[in-house]
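Asker: My questions will all concern the structure given below.
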Amino acid sequence: MRDAAALPDMSPRRPGARVAIGRLVNRSFRYWSLLPAVLLFAALTLYPLLNLARMSVSTITFANGAEVWTFTPLRNFAALASDDVLRPAVVNTLVFVVASVAVEMVLGVALAIAVAGLSRAKRWVRTVAILPILVPPVAIGSMWKLMYNYDFGIFNQALVALGAMPVNWLGSTSVALASVIAVDVWHWVPFVFLILFAAVEGIPPDLLEAAHVDGATRAQMLRHIVLPLLRPAIVVAFLFRAILAFKVFDEVFLLTAGGPGTSTELVNLHLYKVFFEQNRLGYGALLSLAVIAAIIAFLLVSRRIALAVRRNADS
Amino acid sequence: MTASATTTFRAGAVGRVYVALALFAIVGPFVWILTASFKHPIAIYAAQFPFTPTLSNYADVLFGRRSDFAGNIANSLVVAASSTALVLIVGALAAYSLYRFRWPTCVSAGFLAWTLVFHMVPVLTLLGPWYVAFRELGLYDTRAALIVTHVTINLPMTVWLLRTFFREIPPEILEAAQVDGCGPFDAFRRIALPIALPGLIAAGILAFVFSWNEFPIALTLTSRTTATVPVAIARFAQQYEIQHAQMAAASVISTIPAVILMFLGQRFIVSGLTLGAVK
């Protein structure tokens, strides 16, 4: 009898408060589990978005360290029309995205297929390929700033050694954008490679062996088996890169900061300058909203493309 | 591809040369900046090779009286570690909640769609309002401001990654635990989290690296005392006279976490980077 009475004492000394809290935490878990994420997103993305709308129709000045907001709905739109940098920035961004993504896709897909045909080197290539993706983009910028240097960079050293004229990689208006695109290609070919390599490895070996037995050449296998099977992964990698290429900022900020002139000016660099160098918060907000709208439009279109491709692949 | 498929699909000479060139192209720039970081500035400017290696750039950057780099490293470590811990907690709770509980579609789909949109939008578009808000709150130029913003930018990746791991858990396990008297929160903590551990490690590694690497937010929300490593490197590169040698040394130091994680966490990183893409 005594033992049975002692049983409740097995529980912690003062069960009351802690058990009650534990029960509360458990019972309401389904309601509060999503709450931190929702609150964080509301405070740091939704509220700023609303604030952007409010800022975009205002002029904000700083007087004695305090903000002074004035309602000037048309002023920022007028600034949009008279912004001489905006047009080159948009054009450069489109050139940058299209050129860098196109080259990255070709080189990345080719690398994935070539590496899949190797036996021992596979793991090595995969390990090394992670490195450009993980190191700070700012470090990549400073790496290439050293290599592109007019006086002592490796490229000009090589050119001079070959008897050619040195090139002003980052300082000439005709070359600078291409130099910046080359850095982005170097940075992101490994990413396309990693996605495509996983897809190549997922191709059932029987398919290739059957084709081999039937006397198919490597080129035939590539065209009729491998590439068709890779198509969904290629589309995914393409969409990822196309959207993320718009986010580029760090390397270009370090390499050229948009110069010389506006020859490497990109939308993101322009946004930074409008906000933090020219201190035009109202106009910057209007530009930000335009960029967000453009990204959402692109997302909706690309979703359609992805769905259409999937439907084609299934049928 | 298995070994047998590799033999039927063996790379030709062109493929081998291409892979070798690609490896050289990836590694070359790292070697270049590594050698530059061990050169006296004069040896860099004279493009000397061979050269006498020196540690003076590292000494200048880390211990020089005019350099804050040691403090920048401390800031980066604190911000990256705290934001990673927080994003794992918030992200795991959210991902599990979306998987386990029946939320109305407008909540679950709306939340996931919004995280995706936010992940795609350049962070530069939100820096203006963030700057204004953190100034008003008195959080401008604090590590706290960097930590919450880094949690926010890493949350979409964390939620999407962990979702795929939670979805692998058979609901029967969790239901059986609850029948045995295990509350919903205890089931999450004691059963779901341990099963999803590989996902937590992958998300944690990526969140740490992205926070350590993050540049535009740190550039605009910090000043001298709270600046992080990327901001410091940009200062070396942006000064009136670029300090190439110190920039090289600081850049090499900044790649250390990536190099360590490349060897230790390769399995997790590759799955983390490609999971969302392939599935």
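Asker: Please work out which residue is modelled with the lowest pLDDT, limiting yourself to segment A:234-256 and to residues that are closer than 25 Å to B:Ala234 by Cβ and among the aromatic types (Phe, Trp, Tyr).
Answerer: A:Phe246
Asker: With respect to the numbered conditions (1) more than 7 Å from every other protein chain (Cβ to nearest Cβ); (2) in contact (Cβ under 8 Å) with a residue 24 or more places away in the chain; (3) assigned to a helix (DSSP H, G or I), which one is the sole condition not fulfilled by B:Val90?
Answerer: Only one criterion is unmet by B:Val90, namely (1).
Asker: In this structure, does B:Pro194 turn out to be surrounded by fewer than 21 Cβ atoms within 10 Å (Cβ to Cβ), at pLDDT below 90 and closer than 25 Å to B:Ile260 by Cα?
Answerer: no
Asker: Just one of (1) in a helix (DSSP H, G or I); (2) charged (D, E, K, R); (3) over 28 Å from A:Phe238 (Cβ atoms) trips up A:Arg120, so point out which.
Answerer: Among (1) in a helix (DSSP H, G or I); (2) charged (D, E, K, R); (3) over 28 Å from A:Phe238 (Cβ atoms), the lone unmet condition for A:Arg120 is (1).
Asker: One residue is enough: does segment B:15-35 have a residue meeting the conditions more than 7 Å from chain A (Cβ to nearest Cβ) and either outside any helix (DSSP H, G or I) or modelled with pLDDT under 90 (or both)?
Answerer: yes
Asker: A further question on this structure: Restrict the check to segment A:218-232 and report whether at least one residue is more than 8 Å from every other protein chain (Cβ to nearest Cβ) and outside any helix (DSSP H, G or I).
Answerer: The answer is no; no qualifying residue exists.
Asker: From the residues in segment B:43-62 that are within 14 Å of chain A (Cβ to nearest Cβ) and not in a loop (DSSP other than H, G, I, E, B), which one is surrounded by the fewest Cβ atoms within 10 Å (Cβ to Cβ)?
Answerer: Ranking the candidates gives B:Tyr45 first.
Asker: Quick one: in segment A:268-286, of everything that is more than 8 Å from every other protein chain (Cβ to nearest Cβ) and in a helix (DSSP H, G or I), which residue is farthest from A:Glu251 (Cα to Cα)?
Answerer: A:Gly282
Asker: Another question about this same structure. Show the residue pairs that are 6+ apart or on different chains and have beta-carbon atoms under 9 Å apart, the first residue being within segment A:102-116 and at the interface with chain B (Cβ under 7 Å from one of its Cβ atoms), the second being of a type in the set (D, E, K, R) and part of a helix (DSSP H, G or I).
Answerer: Listed pairs, sorted by first residue: A:Ala114/B:Arg16; A:Val115/A:Lys122; A:Val115/A:Arg126; A:Ala116/A:Lys122; A:Ala116/A:Glu201.
Asker: Given the condition within 14 Å of chain A (Cβ to nearest Cβ), among the polar types (S, T, N, Q) and not in a helix (DSSP H, G or I), answer yes or no: does some residue in segment B:108-125 qualify?
Answerer: Initial filter on segment B:108-125 (within 14 Å of chain A (Cβ to nearest Cβ)): B:108-125.
Those left that are additionally among the polar types (S, T, N, Q): B:108, B:115, B:125.
When the remaining residues are screened for being not in a helix (DSSP H, G or I), the result is none.
The answer is no; no qualifying residue exists.
Asker: Assess whether A:Pro166 counts as being part of a loop (DSSP other than H, G, I, E, B), within 12 Å of chain B (Cβ to nearest Cβ) and out of contact with any strand residue (DSSP E or B) (no Cβ under 6 Å at 6 or more places or on another chain).
Answerer: When the stated conditions are applied, A:Pro166 passes them.
Asker: Could you say whether any residue in segment A:150-169 is modelled with pLDDT of 90 or more and in contact with an Asp or Glu (Cβ under 7 Å, 6 or more places away or on another chain)?
Answerer: No, because not a single residue in segment A:150-169 is modelled with pLDDT of 90 or more and in contact with an Asp or Glu (Cβ under 7 Å, 6 or more places away or on another chain).
Asker: Related question: In this structure, is B:Arg10 at the interface with another protein chain (Cβ under 9 Å from one of its Cβ atoms), farther than 14 Å from A:Met143 by Cβ and at pLDDT 80 or above?
Answerer: In short, no.
Asker: Taking helices (runs of 4 or more DSSP H) that fall entirely within segment B:211-255, which contain at least 1 residues that are more than 8 Å from chain A (Cβ to nearest Cβ), over 22 Å from the mean Cα position of the chain (by Cα) and surrounded by 23 or more Cβ atoms within 10 Å (Cβ to Cβ)? So that I can check it myself, show each step before the final result.
Answerer: Details: elements: B:216-221, B:229-238, B:244-254.
It comes to B:244-254.
The values are calculated or read from the model by the stated rules, or taken from the named source; none is laboratory data. Since the model is a prediction, treat every value here as computed from it, not as a measurement. Cβ atoms come from the backbone with ideal geometry, glycine included; neighbour counts cover every protein chain shown.
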